[in-house]
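A quick write-up on the structure given underneath.
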Amino acid sequence: MNRVESGRGGGVTIGDDEGRLKELLDGNLSADDLENDPMLTKLAERIYGEDFIEAMGLSRGDAQRALSESLSDDEGDDLLVEVIPDDGLEEIPPFDAPVNIIDDIGTPQKERGRLYMGLVVTALAMANLFGVLSFLGGGCTGGGCPADGHTRFNWASIGNLNSGWGWSPSILEGSFGISDLILIGIGLALLSMYFLKK
C-alpha cells in the first residue's frame, strides 16, 4: 500500500502512489482512474471541489460510498464506532425542575444590603445631627470642641476631630450641615428602594 519515507531534502514523499498523486495534481487523471481509486476521488474532491467531481462524470455519493467501502475493507468494520452495551445501565428516574432559590431564601442579599445600608446611614446622620456622636471628640483641644457645646462633627472635616475645626453646634441649637442632610437623603432613598421593591 502506501509507504512514507523521507526524501533527500528532509521532506516526506509518498512511496507507491507518488506518481498517481502527481498526476492528480497535474490534472492528468481520467474519470476511470478516479472511479477505480476512491481515495484519489476524495482527495480530488477536497482539492478541486465538488464541481470538479461532477464535471468528471462521477457522483459525490458514489465517491463517498467507494471510499467508505475501501476503508471498511482495510480496517475491518470498526471505524470509530464503539458499541456500548446497556447491560449495567439503569434508567434514570425523572427529577423535579429546579426551584427558584431567591423565592426560597426570601429577599436577595443585595436587597437586604440596601436595607442595612439605609438604616446605618440614616441612623448615623441623625445621631450626628442631634450631637449623639460627641463622644468621638474626647481628645479635642482648643475652642469649638464638644466640651464647649459643639457636639455635631463636620463630615467635611472628619480628619480634624481633635480640634475645633471638626465640630459644630447640633440641630438642637439651630445648626445643621448640608452633609448631614445629604446623608439622611441617601439613607432614606436606600430604605425607600428596599421597601418599594417588595
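Before moving on, here are some points about what is shown:
- Among the residues of region 127-169, those that are in contact with a His (Cβ under 6 Å, 6 or more places away or on another chain) and not in a loop (DSSP other than H, G, I, E, B) comprise Trp167, Ser168.
- Among the residues making up region 133-171, those that are touching a Lys or Arg at 6+ places or on another chain (Cβ under 9 Å), surrounded by fewer than 19 Cβ atoms within 10 Å (Cβ to Cβ) and within 24 Å of Leu119 (Cβ to Cβ) are Leu133, Ile171.
Condition check ((1) aromatic (Phe, Trp, Tyr); (2) touching a Pro at 6+ places or on another chain (Cβ under 9 Å); (3) modelled with pLDDT under 85; (4) within 30 Å of Met193 (Cα to Cα)) across all residues:
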{"site": "Ile102", "(1), (2), (3), (4)": "no, yes, yes, yes"}
{"site": "Thr107", "(1), (2), (3), (4)": "no, no, yes, yes"}
{"site": "Glu111", "(1), (2), (3), (4)": "no, no, yes, yes"}
{"site": "Leu124", "(1), (2), (3), (4)": "no, no, no, yes"}
{"site": "Val132", "(1), (2), (3), (4)": "no, no, no, yes"}
{"site": "Gly138", "(1), (2), (3), (4)": "no, yes, yes, no"}
{"site": "His150", "(1), (2), (3), (4)": "no, yes, no, no"}
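- For region 170-182, a residue qualifies if it is part of a loop (DSSP other than H, G, I, E, B) and within 54 Å of the chain's Cα centre (by Cα), and the qualifying residues are Ser170, Ser175, Phe176, Gly177.
- Set Ser6, Ser30: member being at negative phi and at pLDDT 55 or above: Ser30
- Scan of region 173-186 for residues that are over 27 Å from Tyr116 (Cα atoms) and touching a residue at least 12 places away in the same chain (Cβ under 8 Å), ordered by number: Glu173, Ser175
The values are calculated or read from the model by the stated rules, or taken from the named source; none is laboratory data. Only a predicted model underlies this, so the values are computations on that prediction, with no experimental measurement involved. Note that we place each Cβ from the backbone using ideal geometry, even for glycine, and neighbour counts take in every protein chain shown.
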